[in-house]
Amino acid sequence: MFKTLTEQEWVYQYAKSKERPLPIVLGTKGTWSGNGRPMIFLIAFTIVDLLYLADLYEVAHHPVREMQVKDITYYAININNKKQVKEIIKDWNSVG
């Protein structure tokens, strides 16, 4: 049986499973959505890493969320523009 995880639960499990967690692009499998729209989350454990991802995906103008989950602090940007999300998913699917 599968359990649906929230963003915070997923990030917490990811961070705890790695000695030095890397920045991630969450949602590239197309399984995350909000209000019926596909979403991608840029997530990093330093603001500098997140801003780099934001520049890379041309969303530096999007608001940055600082999140606290138990003893983990991370930074996130939501991308919910359908065209942009599809392009990011397509790029990630072509990688591997």
Since VAL48 meets every condition but one in (1) assigned to a helix (DSSP H, G or I); (2) within 13 Å of the chain's Cα centre (by Cα); (3) among the aliphatic types (A, V, I, L, M), which condition does it not meet? (2)
Going by the structure shown, is GLN68 among the polar types (S, T, N, Q), in contact (Cβ under 8 Å) with a residue 24 or more places away in the chain and either more than 15 Å from VAL85 (Cα to Cα) or out of contact with any Cys (no Cβ under 9 Å at 6 or more places or on another chain) (or both)? no
Any hit, region 79-88, residues being of a type in the set (A, V, I, L, M, F, W, C), assigned to a helix (DSSP H, G or I) and closer than 13 Å to ILE24 by Cβ: yes
Within region 38-87, track down each residue that is among the hydroxyl-bearing types (Ser, Thr, Tyr) and in contact with a helix residue (DSSP H, G or I) (Cβ under 7 Å, 6 or more places away or on another chain). TYR57, TYR74, TYR75
Need the failing condition index for LEU50 against (1) open to solvent by 30 Å² or more (accessible area, probe 1.4 Å); (2) touching a strand residue (DSSP E or B) at 6+ places or on another chain (Cβ under 8 Å), just the number. (1)
Is it fair to say ILE43 is under 21 Å from GLN8 (Cβ atoms) and surrounded by 14 or more Cβ atoms within 10 Å (Cβ to Cβ)? yes
Is region 19-40 home to any residue that is out of contact with any Cys (no Cβ under 6 Å at 6 or more places or on another chain), loosely packed, with under 11 Cβ neighbours inside 10 Å and farther than 23 Å from GLN84 by Cβ? yes
Contact list please: Cβ distance under 8 Å, first residue in region 84-96 and open to solvent by 90 Å² or more (accessible area, probe 1.4 Å), second residue of a type outside the set (Lys, Arg), pairs at least six apart or on different chains. LYS86/PRO38; TRP92/VAL25; TRP92/THR28; ASN93/THR28
Which is crowded, with 18+ Cβ neighbours inside 10 Å, assigned to a loop (DSSP other than H, G, I, E, B) and modelled with pLDDT of 90 or more, of VAL11, VAL59? VAL59
Which condition number in (1) modelled with pLDDT of 95 or more; (2) touching a strand residue (DSSP E or B) at 6+ places or on another chain (Cβ under 8 Å); (3) among the hydroxyl-bearing types (Ser, Thr, Tyr) is the one that SER17 fails? (2)
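The values are calculated or read from the model by the stated rules, or taken from the named source; none is laboratory data. Here the structure is a predicted model, which is why all the values come from computation and not from measurement. Note that each Cβ is placed from the backbone with ideal geometry, even for glycine, and that neighbours are counted across all protein chains shown. Ligands, DNA and RNA are stripped out before the accessible areas are found, and what is left, the full protein with its side chains, is counted by its heavy atoms. Shrake-Rupley method; radii C 1.70, N 1.55, O 1.52, S 1.80 Å.
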